[in-house]
Amino acid sequence: MTFLTLLLQAAAGGGIMQLVFPVAIGLVLYFFMIRPQQRKTADAKTFRESLVKGTRVVTIGGMHGTLVEVGPETVLLEVERGQRLRFDRSAVARVAGATTTADSPAIANS
């Protein structure tokens, strides 16, 4: 069936109320599920772009360390007394010691 056929059947059969319900469900899905997820993704991207050398961070795997080098795709994390590990930027979850998600978004909980 085409959309026009559905519209004509709805108008003839029971009125516009049959179309209002699916539209309302779509709006609820958008405002309660899709839009918050888009905002969370944008916040995470902004956080990853703002990473600077010397920041103490936690990765999504729970590794704590200090950023020694920040590249376009990867970061170099000093874990303990000279031990350095390279991670993708997307692996950095939050700033170490941040108490609220407003200070640094928790990407791992997405």
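The values are calculated or read from the model by the stated rules, or taken from the named source; none is laboratory data. Because the structure is predicted, anything quoted here is derived from the model rather than measured. Cβ placement follows ideal geometry from the backbone for every residue including glycine, while neighbour counts extend to all protein chains displayed. We work out accessible area using only protein heavy atoms, side chains counted, and drop any ligands, DNA or RNA first. Shrake-Rupley method; radii C 1.70, N 1.55, O 1.52, S 1.80 Å.
Restricting attention to segment 58-81 and to residues that are part of a loop (DSSP other than H, G, I, E, B) and open to solvent by 50 Å² or more (accessible area, probe 1.4 Å), the residue that is farthest from PHE47 (Cα to Cα) turns out to be ARG81. The residues of segment 38-78 that are under 11 Å from the mean Cα position of the chain (by Cα) and without any contact (Cβ under 8 Å) to a residue 12 or more places away in the chain, listed by number, are GLN38, ARG39, ALA42, LYS45, THR46. Using the structure shown, decide if ALA44 is part of a strand (DSSP E or B) and over 30 Å from LEU4 (Cβ atoms). Against the criterion (part of a strand (DSSP E or B) and over 30 Å from LEU4 (Cβ atoms)), ALA44 does not qualify. Residues in segment 82-94 that are of a type in the set (S, T, N, Q) and either open to solvent by less than 50 Å² (accessible area, probe 1.4 Å) or in a strand (DSSP E or B) (or both): GLN83 alone.
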